[in-house]
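The values are calculated or read from the model by the stated rules, or taken from the named source; none is laboratory data. On a predicted model such as this, the values are computed, not experimentally measured, just so you know. Every residue, glycine as well, gets a Cβ built from its backbone with ideal geometry; the counts of neighbours run over all protein chains shown.
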Amino acid sequence: MQNLLITNIMKILDKAGYIVTDLVETKPRCFDIVARKGEQILLLKVLYNIDSFKPEMAKEMIIIAKMLNASPIVIGERYKSDYLERGVVYTRYNVPVINTATFYDLVVDNISPLVYSAPGGYYVKLDSEKIKKARENLGMSTGDLAKLLGVSRRTVKLYEDGIDTNIENAIKLEEILGERVIKEIDVLNFIKDIDLNPEEIEQEKDFKENESEILTQLQCIGIDVVTVKHAPFDAISMADDVPVLTGIRQVRVIPKRVELIGKISRIISTMATYIVERKVKVKDDNVVILMKEELSCVSNAKDFCNLIVEKKGGNV
């Protein structure tokens, strides 16, 4: 079922003009599809039942999205025993969750959802400035509007201060004011207010000694390294404010991992490197293979970036 959903999402993205790649060959993974259209990058996790989306995957998805300036979205069809509804945004561990139909509306028809699900039911966000302006233009006091709505003056004041409300109250408010006051939910910027402090990020620790040495070398030359577990790459290295997808695990499947990292690098147009102890027979135009010993010649983050550019032939 999941593979069928991924196929459908890929078709929707293609119709919307995105360039895409899927990561179905990678396990475990916190995202299944990477897509880009212009400056907009999407990291998508596709699940039939979103109950299987775990906290650790959400946390890592947010970290990767923030570091790559991407938008994380979970796309699913069911939650517990219910179906997800079209036009409604659900939330799972701070990541927006929508169904396939809502995703189609968003990327193909540029129609943003208006409703979000929260404990107690469905709610909408109100444009407080529009409400106040429309009320004043109609010559109404807060008491007049409260009487028409059947609520207290304090509630009207809260509406004008930006409090959310249920769908029924919002529709009644629009009918009385003759103005569109329900705000669209910005799914693509859902995590913009989440601060990412590298010092507070729980780093992946399941590395062998030789792999940890590579991480230490990177950190010693002034690179901020954030390790991840549920992705084809092992870390994102912030070198001179430039994100570098970084592979460091010394495993038999390095060629396959390089291929997957290269696909992501190509889609999002970012640097990528795989650091190895021994020479490997692998070539990918988007991933620079660095020998561990080469790091000893690098003194700072800028030199690290320059080395990658140089070995790539001058093209990032």
query = Checking residue 273 against (1) at pLDDT 95 or above; (2) more than 24 Å from residue 61 (Cα to Cα); (3) not aliphatic (A, V, I, L, M), which single condition isn't satisfied?
reply = (2)
query = For the range 257-316, how many residues meet the condition of being touching a Leu at 6+ places or on another chain (Cβ under 7 Å), among the β-branched types (Val, Ile, Thr) and without any contact (Cβ under 8 Å) to a residue 60 or more places away in the chain?
reply = 2
query = When residue 167 is evaluated against the numbered criteria (1) assigned by TED's automatic domain parsing to the domain that holds residue 43; (2) out of contact with any helix residue (DSSP H, G or I) (no Cβ under 8 Å at 6 or more places or on another chain); (3) surrounded by 12 or more Cβ atoms within 10 Å (Cβ to Cβ), which criterion, by number, is the only one it fails?
reply = (1)
message = As an exercise: evaluate residue 81 against (1) polar (S, T, N, Q); (2) free of Cβ contacts under 8 Å to residues at least 24 places away in the same chain; (3) under 27 Å from residue 171 (Cα atoms) and give the number of the one condition it does not meet.
response = (3)
task = Might you let me know whether the range 94-102 holds any residue that is in a strand (DSSP E or B), under 30 Å from residue 7 (Cβ atoms), more than 17 Å from the chain's Cα centre (by Cα) and in the same structural domain as residue 35 (by TED's automatic domain parsing)?
result = no
task = Determine whether the range 246-258 contains at least one residue that is crowded, with 17+ Cβ neighbours inside 10 Å, under 19 Å from residue 205 (Cα atoms), among the aliphatic types (A, V, I, L, M) and at pLDDT 95 or above.
result = yes
query = Got at least one residue in the range 125-133 being within 30 Å of residue 205 (Cβ to Cβ), surrounded by fewer than 18 Cβ atoms within 10 Å (Cβ to Cβ) and of a type in the set (Ser, Thr, Tyr)?
reply = no
request  = For the range 136-153, name all the residues that are part of a loop (DSSP other than H, G, I, E, B) and surrounded by 11 or more Cβ atoms within 10 Å (Cβ to Cβ).
outcome  = 138, 140, 141, 151, 152
remark   = By residue number, the members of the range 228-244 that are of a type in the set (Val, Ile, Thr) and at pLDDT below 95 are 228, 242
Candidates 184, 204 - the one that is modelled with pLDDT of 95 or more, under 27 Å from the mean Cα position of the chain (by Cα) and of a type in the set (D, E, K, R) = 184
note = Counting only residues that are buried (at least 18 other Cβ atoms within 10 Å of the Cβ) and in a loop (DSSP other than H, G, I, E, B), the range 170-190 contains a total of 3
task = Tell me, yes or no, whether the range 138-151 has at least one residue that is in contact with a Phe, Trp or Tyr (Cβ under 9 Å, 6 or more places away or on another chain), touching a residue at least 12 places away in the same chain (Cβ under 8 Å) and in the same structural domain as residue 56 (by TED's automatic domain parsing).
result = no
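Residue by residue, here is whether (1) on the phi < 0 side of the Ramachandran plot; (2) surrounded by fewer than 23 Cβ atoms within 10 Å (Cβ to Cβ) holds:
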| site | (1), (2) |
| --- | --- |
| 20 | yes, yes |
| 30 | yes, no |
| 34 | yes, no |
| 39 | yes, yes |
| 49 | yes, yes |
| 69 | no, yes |
| 74 | yes, no |
ask   = Which of the following residues is of a type outside the set (S, T, N, Q) and either touching a strand residue (DSSP E or B) at 6+ places or on another chain (Cβ under 8 Å) or closer than 21 Å to residue 294 by Cα (or both): 279, 256?
value = 279
key: Boolean, residue 82 is within 29 Å of residue 16 (Cα to Cα) and over 23 Å from the mean Cα position of the chain (by Cα)   = yes
task = Consider residue 58 carefully, then state whether it is within 30 Å of residue 261 (Cβ to Cβ), of a type outside the set (Ser, Thr, Tyr) and crowded, with 21+ Cβ neighbours inside 10 Å.
result = no
